[in-house]
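Right, one structure below, let's go through it.
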């Protein structure tokens with residue numbers, strides 16, 4: 001969705017640059033180029049080329065053949081906040097589900113806007129990556145030092 005919104009400024013900037021050398025058009029082309037570079041280059045070497053890390057895909061795939069079963073008939077389901085067993089509600093992996101590819105009840109326009117704003121990532125942070133949890137850890141460390 002982000003790439004769709006980047007098409008208009010790049011097209012307009014290139015069209016203006018063809019007709020006259022305007023600094024505004026050069027800025028539009030440079031801005032969209034910077035956007036494209038930041039989207040193509042992965043943040044982490046293990047990230048892969050998509051928004052899902054390859055290590056996460058491997059761990060979710062490994063859940064198909066668990067070493068120990070949580071109940072008699074384990075049926076794993078990827079909920080919004082974690083991967084759980086439907087029968088016993090055991091948390092197999094504390095990992096929020098990505099926002100892409102789900103059916104939404106709020107409609108196409110609101111769902112598209114949410115994907116555009118969150119870039120397809122889950123609105124729920126993974127364990128230990130929340131700013132609040134990091135702030136709480138730092139606060140407890142400062143309290144222990146005093």
Are any residues in the range 53-77 in a helix (DSSP H, G or I) and closer than 19 Å to residue 87 by Cα, and if so, which ones? 60
List pairs: first in the range 87-105 and on the phi > 0 side of the Ramachandran plot and outside any loop (DSSP other than H, G, I, E, B), second surrounded by 11 or more Cβ atoms within 10 Å (Cβ to Cβ) and at pLDDT below 70, Cβ under 6 Å, 6+ apart or cross-chain? none
Of the residues in the range 91-119 that are touching a helix residue (DSSP H, G or I) at 6+ places or on another chain (Cβ under 8 Å) and modelled with pLDDT of 75 or more, the one that is surrounded by the fewest Cβ atoms within 10 Å (Cβ to Cβ) is 93
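The values are calculated or read from the model by the stated rules, or taken from the named source; none is laboratory data. These numbers come from a predicted model, not from an experiment. Glycine also receives a Cβ, built like all others from the backbone with ideal geometry; neighbour counts cover every protein chain displayed.
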